[in-house]
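Worksheet: the structure to be examined is printed underneath.
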Amino acid sequence: MPRFQFSLGANDAVREAGAVLSDTFDDALTAISEQATVKDGDTLEIGVQGFPPARYQFVSFGRGAKAWRPAGLMAA
């Protein structure tokens, strides 16, 4: 089972850091969202050892829908 290391925070300040054991990347994101206190605009860096981390931002949509979206992508 992969070990996903993560850091969670806002404005380049880390509020939580740790690791999640999960079968899939999606399951790791879900576990972090359920266990951590996550607010709009929070950033999450998550990855596995030996690879650069992915960076996501937490956003809310209408009617209570919430999701992680990729952050730091440059427009073409």
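The values are calculated or read from the model by the stated rules, or taken from the named source; none is laboratory data. Only a predicted model underlies this, so the values are computations on that prediction, with no experimental measurement involved. Positions of Cβ are backbone-derived with ideal geometry, glycine not excepted, and every protein chain shown enters the neighbour counts.
When you scan the range 23-34, how many residues do you find that are within 12 Å of the chain's Cα centre (by Cα) and surrounded by 11 or more Cβ atoms within 10 Å (Cβ to Cβ)? Result for the range 23-34: 8.
For the range 4-22, a residue qualifies if it is surrounded by 12 or more Cβ atoms within 10 Å (Cβ to Cβ) and small (G, A, S), and the qualifying residues are S7, G9, A10, G18, A19, S22. The residues of the range 37-70 that are aliphatic (A, V, I, L, M) and surrounded by fewer than 16 Cβ atoms within 10 Å (Cβ to Cβ), listed by number, are V48, V59, A65, A67.
The single condition from (1) farther than 15 Å from A67 by Cα; (2) at pLDDT 90 or above; (3) of a type in the set (D, E, K, R) that D12 fails is (2).
When the range 31-66 is filtered for residues that are among the acidic types (D, E) and over 15 Å from D12 (Cα atoms), only E34 remains.
Cβ-Cβ distances below 7 Å connect the following pairs, each with a first residue in the range 22-39 that is closer than 24 Å to F51 by Cα, a second residue that is in a loop (DSSP other than H, G, I, E, B) and hydroxyl-bearing (S, T, Y), and a separation of six or more residues or different chains: A28/S22; A31/S22.
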